[in-house]
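> Mind having a look at this structure? Questions to follow.
The values are calculated or read from the model by the stated rules, or taken from the named source; none is laboratory data. Values in this document were obtained by computation on a predicted structure and should not be read as measured data. When we count neighbours, we look across all protein chains shown, and the Cβ atoms used for this are built from the backbone with ideal geometry, even at glycine. Side chains are part of the model used for accessible areas, which takes the heavy atoms of the whole protein and leaves out ligands, DNA and RNA. Shrake-Rupley method; radii C 1.70, N 1.55, O 1.52, S 1.80 Å.
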Amino acid sequence: MDFQILLWIQENLRSEFWTALWTGITFLGDHGQFWILLSLCLLIPKGTRRIGVCSLVALALSLLCTNICLKNLVQRARPFQQYAQLVPLIPAPRDFSFPSGHTSSSFAAAVACFLGFREQGRWTFAVLPLVLAALISFSRLYLGVHFPTDVLAGCLVGCVAGIAGYKVGIGRRKMR
């Protein structure tokens, strides 16, 4: 089923316009750079400092679980390596496919931010990172570098890391 979904996306959704858009969106998730920058920016104002800490902890947990442990444990080849019909639209990533690191880091930071901003009653700031995380996740499918199950697993790992990062930040506040 993973293959069929990717083949359908390749045959029905790809165009020059969408490829440019999804390539730009996926770039935001490269090495977690957008999420790291966002987290560091959140450290500056006193009112969002704890959210920035929670997000950075979540990103570290995501990196540990996804890129250091699971990818090397599972060692799943990329879709285009398994199916010649699938054509990646960006340079081939060198690491393993499962789970998606872009998705994991995106949801880790986004969930930590969501929980922190929700606590402050700032719903717009709570929801926007989740929307971006979902867009980055879909970009990995559109560009042909992950299976849907890679993205789903990355989402799950990221959500757990985001909740854990938030809880660490809450615990840190209560200890003061």
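> Please give the helix 33-42 orientation as an angle from the longest Cα principal axis of the chain, in degrees from 0 to 90, rounded to the nearest 10.
Value to nearest ten degrees: 10.
> Let me ask something additional. What accessible area per residue, rounded to a whole number of Å², is obtained for the range 1-159 using a probe radius of 1.4 Å?
Result: 50 Å² of accessible area for each residue.
> Still on this structure, please answer the following. Round to the nearest 10 and give me the degree value, 0 to 90, for the angle of helix 49-62's Cα axis relative to the longest principal axis of the chain.
Computed tilt is about 40 degrees.
> Among [x] 38, 23, 14; [y] 23, 19, 17; [z] 31, 17, 12, which one is semi-axes √(5λ) of the Cα gyration tensor in Å computed from these coordinates?
[z]
> Ignoring ligands, DNA and RNA, please state the percent of accessible area on the range 1-121 from carbon and sulfur, probe 1.4 Å. List each step's numbers first, then the result.
Values: 4310 of 6430 Å².
Roughly 67 percent, rounded to a whole number.
> For the chain, with the dipole built from +1 on Lys and Arg beta-carbon atoms and -1 on Asp and Glu ones, taken about the Cα centre, which of 42, 154, 137 lies farthest toward the positive end?
It is 42.
> Report the local net charge at residue 152: Lys and Arg +1, Asp and Glu -1, summed over other residues whose C-beta lies under 12 Å from its C-beta.
-1
> Expressed as an acute angle from 0 to 90° and rounded to the nearest 10, what is the orientation of the C-alpha long axis of helix 101-119 relative to the principal long axis of the chain?
Once rounded, one gets 30 degrees.
> Relative contact order of the chain, please, whole-number percent, based on alpha carbon pairs below 8 angstrom and at least 6 residues apart. Don't jump to the answer; show the numbers that get you there.
On the way: 294 pairs, mean separation 58.4, N = 176.
Once normalised by length, the contact order is 33 percent.
> Would you calculate, for the chain, the mean residue ellipticity at 222 nm contributed by helices, counting each DSSP H stretch of 4 or more residues as -39,500 (n - 2.57) and dividing by all residues, to the nearest 500?
Computed mean residue ellipticity for the chain: -22500 deg cm²/dmol.
> Which value, in debye to the nearest 20, gives the size of the charge dipole of the range 29-176 about its Cα centre, when Lys and Arg are +1 and Asp and Glu are -1 at the Cβ?
680
> Taking 45 Å as R0, compute the FRET efficiency from the Cβ-Cβ separation of residue 14 and residue 40 and round it to 0.05.
Values: r = 35 Å, r/R0 = 0.77.
With R0 = 45 Å, the Cβ-Cβ based efficiency is 0.85.
> Under a point-charge model restricted to the Cβ atoms of Lys and Arg (+1) and Asp and Glu (-1), what is the dipole moment magnitude of the range 52-125 relative to its Cα centre, in debye to the nearest 20?
Numbers: 6 positive and 2 negative charges, 21 e Å.
Taking the Cα centre of the range 52-125 as origin, the dipole is about 100 debye.
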